[in-house]
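A.B. asks: Encoded as structure tokens, here's the structure I'll be asking about.
The values are calculated or read from the model by the stated rules, or taken from the named source; none is laboratory data. None of these values were measured; they are calculated from a predicted model. So basically every Cβ, Gly included, is an ideal-geometry build from the backbone, and we count neighbours across all protein chains shown.
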Amino acid sequence: MDIQNVGIVGAGQMGSGIAHVMAVAGYEVLLTDITQDALDAALATISKNMDRQVAKGILTDADKAAALARINVTLTLADLGPSDLIIEAATERETVKQAIFDELLPHLADHTILTSNTSSISITRLASRTDRPEKFMGFHFMNPVPIMQLVELIRGIATDKETYDACLQVVEKIGKTAASAEDFPAFIVNRILMPMINEAVYTLYEGVGSVQSIDQSMKLGANHPMGPLELADFIGLDTCLAIMNVLHDGLADTKYRPCPLLTKYVEAGWLGRKTQRGFYDYRGEVPVPTR
């Protein structure tokens, strides 16, 4: 099918990034969230990020203006119903995602493809709650969306070939690379990445190294662009914990047990950059380790 308009649920870091790349690629975008403040903040972020692309010569001023004109916003979830493709990019909680799909279902066009940007939750299970499991997929972007080149495409057990091919065509049109993943907990990237981050937290928890020494060791010793604890703060410690819980519950293997220190930081509300404190304190001019 020829996808021309895309509905995006959630105007946070991921949703705004997805709206950005879709609009630049020529898709008509309708973005929704539960508050006007969230939508206004998303549009401001998209404009600022496009300015960076203009400064680097990736976009022209005319490209930016045209892309922004293709993005519309709404507070009414049902308005997304006629979209050719809907990408849910709400918080990483299955109950929230299910409620969104339940509310959308009565308003969908017959041809609408439903997808989720979930980083770990079962696509088959999410799809089974809808009226179109064959037209349901995982469409997992990496953060930050305008920069990262990979998109994981995850087929549920019922996803048909036409749906996969249509989503693959979208990935190619936005200039990114698709990796096909089977529908098992956390898919490919987070199945490998999150246990590494969790192990880094255990290394801190057990006193093997400090925040600074752990991150420095992985940056200089393994040539990682960011240390694992710095990366955890960037992703969000609540998201890291949620993914580890999905891995632990879904695979029933103790090697995926979330580190108690990760749980403690989340309980404290120290979720990383988005709350100004995580494994680093971001309230000053330079991030300072909190342990």
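Residue-wise test of (1) in the same structural domain as Gly278 (by TED's automatic domain parsing); (2) closer than 30 Å to Asp51 by Cβ; (3) within 22 Å of the chain's Cα centre (by Cα).
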residue: Ile147; (1), (2), (3): no, yes, yes
residue: Val151; (1), (2), (3): no, yes, yes
residue: Ile154; (1), (2), (3): no, no, yes
residue: Ala158; (1), (2), (3): no, no, no
residue: Val171; (1), (2), (3): no, yes, yes
residue: Lys176; (1), (2), (3): no, yes, yes
residue: Met196; (1), (2), (3): yes, no, yes
residue: Val211; (1), (2), (3): yes, no, no
residue: Leu220; (1), (2), (3): yes, no, no
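A.B. asks: While we're looking at this one, here's another question. Quick check on this structure: which one of Asp51, Asp37 is surrounded by fewer than 16 Cβ atoms within 10 Å (Cβ to Cβ), within 23 Å of Asn143 (Cα to Cα), of a type in the set (Asp, Glu) and touching a Lys or Arg at 6+ places or on another chain (Cβ under 9 Å)? Reasoning before the result, please.
C.D. replies: On the way: Asp37 fails: touching a Lys or Arg at 6+ places or on another chain (Cβ under 9 Å).
None of the others qualify; the one that does is Asp51.
A.B. asks: Right, next: If you check Thr124, Thr163, Thr203, which single one turns out to be more than 21 Å from Asp110 (Cβ to Cβ), at pLDDT 95 or above and in the same structural domain as Asn49 (by TED's automatic domain parsing)?
C.D. replies: Working: Thr163 fails: more than 21 Å from Asp110 (Cβ to Cβ); Thr203 fails: in the same structural domain as Asn49 (by TED's automatic domain parsing).
Exactly one of Thr124, Thr163, Thr203 is more than 21 Å from Asp110 (Cβ to Cβ), at pLDDT 95 or above and in the same structural domain as Asn49 (by TED's automatic domain parsing), namely Thr124.
A.B. asks: Going by the structure shown, is Met14 out of contact with any Lys or Arg (no Cβ under 6 Å at 6 or more places or on another chain), buried (at least 19 other Cβ atoms within 10 Å of the Cβ), touching a residue at least 60 places away in the same chain (Cβ under 8 Å) and aliphatic (A, V, I, L, M)? Let's see the steps before the verdict.
C.D. replies: On the way: out of contact with any Lys or Arg (no Cβ under 6 Å at 6 or more places or on another chain): yes; buried (at least 19 other Cβ atoms within 10 Å of the Cβ): yes; touching a residue at least 60 places away in the same chain (Cβ under 8 Å): yes; aliphatic (A, V, I, L, M): yes.
Yes, satisfied.
A.B. asks: May I pose another question? List the helices (runs of 4 or more DSSP H) that sit entirely inside segment 196-291 and contain at least 2 residues that are crowded, with 18+ Cβ neighbours inside 10 Å and in contact with a strand residue (DSSP E or B) (Cβ under 9 Å, 6 or more places away or on another chain). Break it down stepwise before answering.
C.D. replies: Details: elements: 211-221, 228-235, 237-251, 260-268.
Fully inside segment 196-291 and qualifying: 211-221, 228-235, 237-251.
A.B. asks: Look at Thr95 and say whether it is in a helix (DSSP H, G or I), out of contact with any His (no Cβ under 8 Å at 6 or more places or on another chain) and farther than 27 Å from Thr177 by Cα. Even if it seems obvious, please write down each step before you answer.
C.D. replies: Numbers: in a helix (DSSP H, G or I): yes; out of contact with any His (no Cβ under 8 Å at 6 or more places or on another chain): yes; farther than 27 Å from Thr177 by Cα: yes.
Judged against the criteria, Thr95 is a match.
A.B. asks: Pick out the one residue from Val145, Val151, Val171 that is touching a residue at least 60 places away in the same chain (Cβ under 8 Å) and either within 30 Å of Met226 (Cα to Cα) or in a loop (DSSP other than H, G, I, E, B) (or both). Lay out the reasoning, then the answer.
C.D. replies: On the way: Val151 fails: touching a residue at least 60 places away in the same chain (Cβ under 8 Å); Val171 fails: touching a residue at least 60 places away in the same chain (Cβ under 8 Å).
Sole residue among the options that is touching a residue at least 60 places away in the same chain (Cβ under 8 Å) and either within 30 Å of Met226 (Cα to Cα) or in a loop (DSSP other than H, G, I, E, B) (or both): Val145.
A.B. asks: Can you pull out the residues in segment 39-75 that are polar (S, T, N, Q) and part of a helix (DSSP H, G or I)?
C.D. replies: Taking segment 39-75 as the starting set, the residues that turn out to be polar (S, T, N, Q) are 45, 47, 49, 53, 60, 72, 74.
Within segment 39-75, Thr45, Ser47, Asn49, Gln53 meet the criteria.
A.B. asks: Another question, if that's okay. Does Ser83 meet the test of being surrounded by 24 or more Cβ atoms within 10 Å (Cβ to Cβ), in contact (Cβ under 8 Å) with a residue 60 or more places away in the chain and closer than 23 Å to Gly250 by Cβ?
C.D. replies: Numbers: surrounded by 24 or more Cβ atoms within 10 Å (Cβ to Cβ): yes; in contact (Cβ under 8 Å) with a residue 60 or more places away in the chain: yes; closer than 23 Å to Gly250 by Cβ: no.
Here the answer is no, as Ser83 does not meet what is asked.
A.B. asks: Just to verify a result, which residue in segment 76-87, among those that are within 21 Å of the chain's Cα centre (by Cα) and either assigned to a loop (DSSP other than H, G, I, E, B) or not assigned by TED's automatic domain parsing to the domain that holds Cys167 (or both), is farthest from Ala99 (Cα to Cα)? Break it down stepwise before answering.
C.D. replies: As a first pass, look at segment 76-87 and keep what is within 21 Å of the chain's Cα centre (by Cα): 77, 80, 83-87.
With either assigned to a loop (DSSP other than H, G, I, E, B) or not assigned by TED's automatic domain parsing to the domain that holds Cys167 (or both) added as a condition, the list becomes 83-84.
Working: Ser83: 19, Asp84: 20 Å.
Across segment 76-87, the extreme among qualifying residues is Asp84.
A.B. asks: Taking the conditions exactly as written (free of Cβ contacts under 8 Å to residues at least 24 places away in the same chain, touching a helix residue (DSSP H, G or I) at 6+ places or on another chain (Cβ under 9 Å) and surrounded by fewer than 19 Cβ atoms within 10 Å (Cβ to Cβ)), does Lys161 satisfy them or not? Talk me through it step by step, then tell me what you get.
C.D. replies: Working: free of Cβ contacts under 8 Å to residues at least 24 places away in the same chain: yes; touching a helix residue (DSSP H, G or I) at 6+ places or on another chain (Cβ under 9 Å): no; surrounded by fewer than 19 Cβ atoms within 10 Å (Cβ to Cβ): yes.
Taking the combined requirement at face value, the residue does not satisfy it.
A.B. asks: What number of residues within segment 29-55 are more than 20 Å from the chain's Cα centre (by Cα) and within 18 Å of Lys176 (Cα to Cα)?
C.D. replies: Residues that pass the stated criteria total 1.
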